[in-house]
1. If you add up the charges near Leu52, with Lys and Arg at +1 and Asp and Glu at -1, over every other residue whose beta carbon is less than 15 angstrom from its beta carbon, what do you get?
2. Rounded to a whole number, what % of the accessible area of the range 29-110 do carbon and sulfur atoms account for, probe 1.4 Å?
Amino acid sequence: MIRRASSSPSPSSSSSPVQPPSKRMKLAPPLNYKNGVVLAPMVRSSTLPSRLLALRYGADLVWGPETVDKAIIGCERAVDPETGVISYHREGRPIFTCHPVEKPYLIYQV
């Protein structure tokens, strides 16, 4: 017997139809970048101090430096207990640093 797919579920069907994600969970409202102030990604200028200054002076989003995947793999993560700054470093050299304040605004580039 061949069953044809129909656009509406049959009332006698015992399994409930799968709901789209928007019905299953609460989604955040879409972001609007139209009038946003952002610190765009720049070579050697997307460091932690410049990102924090940009946020202090009203930036809505900040980009971290572009990080090569091989550079970040195998790094050690260290958290400064006084400042909360998280640092990923290898061989004593920091690869990426971030502050908890910038978490909702930071775009990390790999």
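1. Values: positive: Arg51, Arg56, Lys103; negative: Asp60, Asp80, Glu102.
Charge balance in the 15 Å sphere: 0.
2. On the way: 3550 of 6110 Å².
Solvent-exposed carbon and sulfur of the range 29-110 make up 58 percent of the total.
The values are calculated or read from the model by the stated rules, or taken from the named source; none is laboratory data. Keep in mind the model is a prediction, meaning the values are calculated, not measured. Cβ coordinates were reconstructed from backbone atoms using ideal geometry, including for glycine residues, and neighbour counts include every protein chain displayed. Just so you know, the surface numbers come from the protein's heavy atoms only, side chains and all, with ligands and any DNA or RNA stripped out. Shrake-Rupley method; radii C 1.70, N 1.55, O 1.52, S 1.80 Å.
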